[in-house]
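Quick note: the coordinates plus some simple rules give every number you see, no bench work behind them. Predicted, not measured: the structure shown is a model, and the values here were computed from it. Positions of Cβ are generated from backbone atoms using ideal geometry, with glycine treated the same way; all protein chains shown enter the neighbour counts.
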Amino acid sequence: MQHRLFRFHIHLFNFRSIVPEELLALFLALFIFIVPVSADTRFETRGLYMQSSEPSATTSYTVSLQYITPQPVGSLDMLFCIDPIPYMPCVTPPGLDVSNAALTAQTGETGFTILNKSPNHIILTRLPSMIMGGSPSSYKFDNVVNPSQTNQSFSIRLKSLGSIDGSGSQIDFGSVKGEVQTGTVIETQVPPMLIFCAARVVEDDCAGTDDTYYTDMGTLSSQSTLTAQSQMAVGTNATAGFAITANGTPLAAGTHTIDSPTAPTPSTPGTDQFGINLVANNDPNVGIDPQGTWANAVASPDYGVQNEYKYVSGDVVAYSPNVSLMKKFTVSYILNSSPGLHAGVYSTTITYIASGRF
């Protein structure tokens with residue numbers, strides 16, 4: 001290189017001996033500044049995002065690039081080859097197919113539509129418009145079929161042109177590369193879960209109870225109402241939630257039974273009456289409203305009315321329509337008797353059953 005430069009200066013010296021200084025300065029200026037205008041420039045900020053990299057998968061590609069040369073652009077050529085170098089023969093990546101690709105989104109330099117497409121070639125077209133520059137542009141294509149081979153990468157050769165059909169001299173050029181790989185499958189299972197506990201007192205998360213399952217309500221009187229409480233907590237990841245039923249006969253002493261209302265009814269001293277509900281009451285003063293953050297877990301309508309009581313064996317007393325993790329319910333019991341109630345020890349066992357609707 002140094003030898004050629006030396007020879008160039010020698011000739012230039014001889015030339016200067018026969019031309020004016022001004023003409024020589026013009027010649028040098030043209031030599032320096034005209035050459036870069038005719039040179040190709042590379043796209044900057046190039047990238048390829050593949051929504052799926054599975055071999056032979058039908059997916060979407062988003063090609064991003066930044067135009068550099070401030071010239072009108074009418075087409076963008078995308079050629080899919082194994083080798084990214086423009087002057088090398090283009091070998092189509094095995095299995096790749098962009099013949100059904102659809103341009104579904106574009107940003108930056110926009111207004112493009114697909115002019116032509118084949119299994120490995122897409123040409124975008126628009127009315128030639130001046131490149132504004134500044135920010136990258138992107139083009140998203142759906143319905144692209146990935147290459148089938150995982151042992152080699154592939155490329156997209158890119159070039160912008162002034163024409164609307166991909167012909168003529170290129171303006172900017174460059175390439176992006178991608179590769180398909182068989183993904184690692186990570187799989188796990190969330191087991192069905194139903195947590196339920198019942199006792200006189202339970203913790204919110206069923207971590208513990210007082211292990212007490214018996215209550216002596218006291219001596220019956222036609223003048224007053226006997227009360228008692230028990231608690232239960234429940235949580236499930238069942239899609240359709242849970243349901244809790246109350247099961248058991250009303251209080252009885254031998255063949256003598258204390259009736260239970262079949263519809264929500266106020267407590268009425270002096271009548272034979274056994275009922276429950278799952279809310280706070282003040283007539284009589286017994287119970288607590290459901291506790292917990294899961295608002296979709298509630299007392300059933302007939303058992304959620306303050307100061308009204310009911311009991312029918314098999315009724316759903318609390319439920320949720322979908323996933324509900326840990327809600328605590330307090331069951332209130334009321335017992336009234338008439339003056340003519342047959343003497344005896346009245347008792348019953350109420351069994352609560354929680355079911356997950358998986």
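Per-residue extension of 0.36 nm, minus the Cα-Cα distance of Q71 and D210, leaves a gain of 41.8 nm for this segment.
Here the stretch 42-178 yields Rg over Rh of 0.94, to two decimals, using C-alpha coordinates and the Kirkwood radius. Think of the chain as a dipole: +1 on every Lys or Arg Cβ, -1 on every Asp or Glu Cβ, centred on the Cα centre; then among P339, T255, G168, G168 lies furthest on the positive end. Computed from Cα atoms, the angle from the helix 21-33 axis to the main principal axis of the chain rounds to 30 degrees. Amide H contacts for A240 (H built 1.01 Å from N in the peptide plane; partners 5 or more residues away or on another chain; cut-off under 5 Å): R357.
Taking the Cα atoms of the chain, the ratio Rg/Rh between the radius of gyration and the Kirkwood radius comes to 1.48. Panel order for C90, C81, by other beta carbons found within 10 Å of each beta carbon, from fewest to most: C90, C81.
Pairs of Cα atoms nearer than 8 Å and 6+ residues apart set the relative contact order; for the chain it is 15 percent.
Cβ crowding within 10 Å, taken as a proxy for footprinting-reagent exposure, orders I353, I156 from fewest neighbours to most as I353, I156. Over the stretch 129-243, all Cα pairs binned in 10 Å intervals from 0 give whole-percent P(r) values of 9, 17, 15, 11, 8, 10, 11, 9, 7, 3, 1, listed from short to long. Residues L65, L96, L48, arranged from fewest to most other Cβ atoms within 10 angstrom of their Cβ, appear as L48, L96, L65.
The string of couplings for the stretch 295-302 from the Karplus curve (6.51, -1.76, 1.60, θ = phi - 60°) is 5, 7, 9, 9, 6, 4, x, 5 Hz, one whole number per residue in order, with x for Gly and Pro. Residues whose amide H lies under 5 Å from that of S175, counting only those 5 or more places away or on a different chain, are L158; hydrogens are built 1.01 Å from N in the peptide plane.
Treating the angle as unsigned and between 0 and 90°, give the value, to the nearest 10°, between the Cα long axis of helix 2-16 and the longest Cα principal axis of the chain. Around 50 degrees separate the two axes.
The dipole here belongs to the chain: it is taken about the Cα centre, uses +1 on the Cβ of Lys and Arg and -1 on the Cβ of Asp and Glu, and is about 1620 debye. Close lysine pairs were tallied over the chain: pairs 8 or more places apart or on different chains with Cα atoms under 30 Å apart number 8. Model label points for M88 and T293, set 7 angstrom from Cα along the Cα-to-Cβ axis, are 5.7 nm apart.
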